[in-house]
1. Of all residues in the stretch 119-137, count the ones that are within 13 Å of VAL53 (Cα to Cα) and among the small types (Gly, Ala, Ser).
2. Please pick out the residue among ASP110, ASP152 that is touching a residue at least 40 places away in the same chain (Cβ under 8 Å) and over 11 Å from the mean Cα position of the chain (by Cα).
3. Could you list all residues from the stretch 41-95 that are in a strand (DSSP E or B), over 29 Å from ALA116 (Cα atoms) and of a type in the set (Val, Ile, Thr)?
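What follows is calculated from the coordinates using simple rules that are stated; it is not laboratory data. Computed from a predicted model, the values in this text were never measured in an experiment. In this analysis, Cβ positions are derived from the backbone assuming ideal geometry, glycine residues included, and neighbour counts consider all displayed protein chains.
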Amino acid sequence: MSIPGQGTAVSWEEPGGPAKRASAAGLQVRALTMQTSKRVEIHDLTETVAEIVRASGIAAGLVTVSTLHTTTAVLVNEPQTALLDDIEHLLERLVPRGEDWKHNDPRYSDCDRQNADAHLRAIMLGNSVTLQIEGGAPLLGEWQRVLLVELDGPRKRRLSVQILAAG
């Protein structure tokens, strides 16, 4: 697995037009879109999420990042290269791609992508993370990053970022 560098295009927007800044309390939602380039890969979304939180004007609250797909996952972890390779190896050991999954069998399923492993891996990893906002930024530990795990790419992926102001 790898974390693509600066060349990865990630964009975000306010659904329905420019966002209004929250005053004391409120909810803001942003749509995040990106194109993945491999079947299995990890993208670091931390800076994009931090930018969205900064633009919201909310100093304290919660931010939730959710994937809108059943074959991707969102998690918080360290993006160290060897660890990412270990994650990929673990997923392959726990949910092998070549296994005879019913979802891949035309007798049981109309899915032609042969991606049962991606669905099962996404279930194990989870589809969202919620972080505290402190001082206008997501609260993360020294090595923590917000990561999107692509499990059935390359594909265009959409995520939702919801920001809830405290107060």
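1. Adding up the residues that qualify gives 3.
2. ASP152
3. Passing the criteria: only VAL63.
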